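Report on the following structure.
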Amino acid sequence: MKTIKNIGLVIFLIGLGIFTALPLIGTFSLSQLDFDQLVLDNRIKSELFISAIENDVVGKPFDGMQSLSPIVANALDKANTQHRKNKEYKKVIYTKSHDMATMMGKRAGTGFIAENKGLMWFLTFGLGILGALLYILPNVVLLGQKGIKNNGIYLENATNRGWIAWMVFIFLVSFYLILYFRPQYAVNWTYLVDPISMKISGNMAGHWFVYGFMYCVVMTVMAVRMYIKYRHNIYQMVRTTSVLFFQIVFAFLIPEIMVRLQMPYYDFKNAFPLDYDFFFQWNLRSLIDSGSIGLFILVWGTLLTLVIVPVMVYFFGKRWYCSWVCGCGGLAETLGDPYRQHSSKTLFSWKVERWLVHGVLVFAVGMTLMTLYSFFTETGIVLGVKTASVQNTYSLLIGSIFAGVIGTGFYPIFGNRVWCRFGCPLAAYLGFVQRFKSRFRITTNGGQCISCGNCSTYCEQGIDVRAYAQKGENIIRSSCVGCGICSAVCPRGVLKLENGPEKGRINPTQVLLGNDVDLMHLVNDK
Ligand code: SF4
Ligand code: SF4
């Protein structure tokens, strides 16, 4: 079995190696026909830009996007500078240079990668999936009987912040930096999934399709690992199936199929303020222009945030969303599972968490109020501040850097719920409801607790579960996402996730300290 695992690891690394090399290889040559079409599609009016690209790019071969991209950026910058100087604002091109390079690269791909999409898919995704499964499946035998399977987790390089963890960290952070800030280097990745994209949406793949597809693949493979590891716990099996279903069907397939049907791209489970641009002017206009389906989405999105989400949190706690439905939670619970022990349990982290997550919520709500005011009054400035610059700041700092680069890239070092714990404004909102008006609690059978600390160690939200268990107190914390892992790793069956009457839900026990407590007084009080 160990040999199969090792073969799997080698196959996986070959697939990953080829995938990682793709951004810097490949040949590109833009034809005049393709460029003319690009000019037409993007309504480019700058003759300076057109002639620069025709002279320096069209018909010329380039090795890798690293040689094509700077020429496009340079031509765009020069043309825009000149047009602004001449006050020819209609000729200014507002597309970002890396987006322009991405569009050109997509049309200009020639050679082995662009012409052998199926084979390249197999050599990257195919080998990756095959290798990962060969590595994971022998665990059915190797892990032995059902039960808690965390032996040696602090002795493994990959799960104890060793060099493998740091390599994973570097890979994930670089991957997100490319996706968000340098999509031109993802062009070769898009070729791999073009055939799949054509089948689902009828369009060639963009870098966000690559991301969506990869997200589903990674979650599926890591879900297999979850099924094997937590096969003693039915809650984990069902919950893992649920997040997988919502990711593949709701977040990936339905929005792509909607595009094929000429409808707006929309993920029906993505609630505001996690879906922070739902009320942005461009989205509202596009929904209003899309007729009845657009209006339905508008009503659904608003109801989801204001009614459905809080009502469900009242009955089931925020776990129904964060651990059963949400895509960010889904990735954290599958890809991030090997790293959950890294969540910090210090008091300092708890303070940072409360300030940060509620700060992001205030930021998101403030930005949305500005946006709505701007939309209805048709002004771009509120109290002297440009709405667009607030939106851009939020998109960059929270939407891209916090949720993407840090939120996932930091899994191997800071644990799997960095974003959910410290940054997600929806989690902060749900947390309020869970803390003050919900039927959810984790009950603790304190008499059975042996203080092993498994629960606290594997709580991804940094909650000191053991402290509650030792006192026999119910755990009612706004940050608890109800993943149920504390219960799954408790060797004594102390913890139980329950929904019940609100009355008596919060049951703090008084702690008696030192000799200055009059015990008789306390007893008489009771
Ligand atoms: S307290 Fe338990 S259920 Fe809640 S987040 Fe921590 S591990 Fe998950
Ligand atoms: S509740 Fe369970 S896992 Fe937590 S310290 Fe007690 S025995 Fe250990």
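Read-outs throughout are calculated quantities, based only on the coordinates presented, and are distinct from any laboratory measurement. What you are looking at is a predicted structure, and each value in this text was computed from that prediction instead of being measured. So basically every Cβ, Gly included, is an ideal-geometry build from the backbone, and we count neighbours across all protein chains shown.
Worth pointing out:
- Potential lengthening between residue 234 and residue 1 on full extension [0.36 nm per residue; Cα-Cα distance subtracted]: 81.3 nm
- Among 211-218, 143-150, 170-177, the order from most to least packed when residues are scored by Cβ within 10 Å on average: 211-218, 170-177, 143-150
- Mean Cα-pair separation over length for the range 196-330, i.e. relative contact order, pairs under 8 Å, 6 or more apart, %: 25
- Among the listed pairs 345/503; 2/146; 199/229; 318/503; 96/199; 351/471, those with a Cα-Cα distance over 27 Å are 345/503; 199/229; 96/199.
- Nearest-0.05 FRET efficiency for residue 145 and residue 492, computed from C-beta distance (R0 22 Å): 0.80
- Packing here is the average count of other Cβ atoms within 10 Å per residue, and on that basis the peptides 393-399, 331-337, 244-250, highest first, run 331-337, 244-250, 393-399.
- Checking Cβ-Cβ separations below 4.7 Å across the chain identifies 216, 322, 326, 328, 420, 424, 449, 452, 459, 480, 483, 490 as cysteines lacking any candidate disulfide partner.
- Taking the centroid of alpha carbons for each part, the range 170-198 and the range 129-152 are 30 Å apart.
- Per-pair calculated FRET efficiency, R0 = 25 Å: residue 242 and residue 452 via Cβ, rounded to 0.05: 0.30
- Relative to the current alpha-carbon distance between residue 73 and residue 286, full extension at 0.36 nm per residue lengthens the span by 73.7 nm.
- Cleavage-rule hits (chymotrypsin sites (Phe, Trp or Tyr not before Pro)) in the range 110-164: DSSP loop, at most 16 neighbouring Cβ within 10 angstrom: 154
- Per-pair calculated FRET efficiency, R0 = 41 Å: residue 389 and residue 293 via Cβ, rounded to 0.05: 0.85
- Ordering of 77-88, 272-283, 338-349 by burial proxy (mean other Cβ atoms within 10 Å per residue, highest first): 272-283, 338-349, 77-88
- Distance (nanometres) between label positions extended 7 Å along Cα→Cβ at residue 170 and residue 378: 5.5
- For the range 32-73, backbone nitrogen atoms closer than 19 Å to the point 7 Å from residue 82 Cα along Cα-to-C-beta are found at 36, 39-40, 43-58, 70-73.
- About the centre of its Cα atoms, the chain shows a dipole size close to 1140 debye [charges on the beta carbon of Lys, Arg (+1) and Asp, Glu (-1) only; nearest 20 debye].
- Normalised by the number of residues in the range 67-136, the average gap of Cα pairs under 8 Å and 6 or more apart makes the relative contact order 29 percent.
- Amide N proximity, the range 383-424 versus residue 344 label position 7 Å along Cα-to-Cβ, cut-off under 11 Å: 414
- Span from the the range 369-412 Cα centroid across to the the range 456-478 one, whole angstrom: 34
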